[in-house]
């Protein structure tokens with residue numbers, strides 16, 4: 001079966017070349033009714049167009065089921081760059097976050113320390129003004145008494161927010177803080193503490209829900225032996241924060257949560273299982289239907305080693321996920337490091353785009369989408385703990401489903417008609433029967449009209 005595109009020449013008439021038929025890899029969504037159909041008074045022209053449009057619908061039907069579903073998302077790795085080799089002050093660079101600033105620059109923040117188990121460390125910030133190809137020299141953006149850990153970004157209009165945790169590893173205490181910038185990250189406000197707890201830290205950017213609520217997923221030890229995941233939320237644009245409910249872990253040690261809001265307002269959280277040696281092997285999933293106040297019991301979702309994933313809701317409502325796609329009860333291997341897309345509220349995922357493969361471990365990463373639609377993934381080499389990379393990915397085929405990059409265009413008349421018929425509950429087989437009737441009837445009418453014209457000719 002070859003879907004068709006019709007090109008109509010306005011001055012041609014049936015059957016002498018009204019339509020040119022060209023093979024195309026795209027679907028019939030691109031057919032649009034030309035001016036001849038909308039303005040011409042020639043009934044033959046109109047019937048010819050209706051007939052051939054009906055034929056197109058018939059050819060795009062497959063054993064009684066119309067092909068109206070979208071194409072598989074197309075993922076293209078556009079390029080990668082080295083963000084940094086080592087920290088500005090200490091030897092290690094890891095735990096990254098990335099955001100597009102209001103002026104279009106990319107900002108990458110990362111942890112600069114000697115280890116995740118020490119009390120000292122700062123957060124460096126690097127800037128790219130060419131879409132992630134090259135990176136300027138870093139500057140220290142967070143420097144506290146104790147180690148500054150796990151930076152995360154949130155952008156609201158022209159204001160950037162930077163979240164991090166000041167962690168006293170020797171005492172097991174940490175304080176989650178934030179600051180903001182109104183000049184695309186060149187200068188920052190003073191820090192504000194929003195929560196303190198036992199090893200409280202986050203590993204993913206906060207999100208803004210349809211209700212306006214800000215939700216920051218984090219994990220903490222609390223009174224239990226194992227880590228558990230939870231959220232902080234704010235209903236006043238970050239001025240005050242309240243702790244939500246904990247995910248019921250039951251010794252699953254779910255931590256390093258990533259969070260998105262589904263189309264119906266449900267919050268979805270993916271989490272690392274850190275219960276070694278009986279854990280690992282999967283990312284666990286939990287949902288909240290009340291804005292983060294309570295959570296369902298976690299269940300295994302996707303294979304994974306003991307490491308984090310990142311999730312991102314894209315501009316068109318689809319979702320991206322990045323993580324090492326391999327099952328392991330240990331911290332490694334963390335490769336291949338992949339990106340997948342879901343167009344059905346994270347129920348299913350596209351085939352993987354492999355960002356990194358080989359023998360090194362890759363994780364501790366951040367993800368954002370630029371205004372031009374590119375998805376940017378900043379990630380650390382967990383084998384060396386010195387190198388941070390930036391990958392640029394083009395995603396197409398997640399909007400109107402044709403994979404040709406016009407995902408934000410308005411639907412044409414054929415698509416509108418099909419959607420209307422589906423809403424009426426008309427079954428595909430009846431559409432096919434109706435189309436066949438139109439074809440036969442239209443051809444018969446045109447034949448009769450043509451014979452009448454021949455009889456009326458005066459020699």
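The values are calculated or read from the model by the stated rules, or taken from the named source; none is laboratory data. A quick note: this is a predicted structure, and the numbers were derived from the prediction, not measured. As a convention, Cβ positions derive from the backbone with ideal geometry for all residues, glycine included, and neighbour counts pool all protein chains shown.
So here's what we get for this one:
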read-out	value
Wholly within the stretch 25-140, strands (runs of 3 or more DSSP E) carrying at least 3 residues that are under 30 Å from residue 351 (Cβ atoms) and modelled with pLDDT of 50 or more	74-85, 92-100, 106-113
Close pairs (7 angstrom Cβ cut-off, 6 or more residues apart or separate chains): without any contact (Cβ under 8 Å) to a residue 60 or more places away in the chain in the stretch 188-209, not in a strand (DSSP E or B) anywhere	194/241; 195/241; 198/172; 198/221; 198/222; 199/172; 199/221
Residue satisfying condition, being surrounded by fewer than 19 Cβ atoms within 10 Å (Cβ to Cβ), more than 25 Å from residue 125 (Cα to Cα) and at pLDDT below 95, within set 405, 397	405
Filtered residues of the stretch 295-308 (kept if touching a residue at least 40 places away in the same chain (Cβ under 8 Å) and part of a strand (DSSP E or B))	302
Extreme residue, modelled with the lowest pLDDT, among residues of the stretch 164-180 that are surrounded by 15 or more Cβ atoms within 10 Å (Cβ to Cβ) and more than 19 Å from residue 241 (Cβ to Cβ)	169
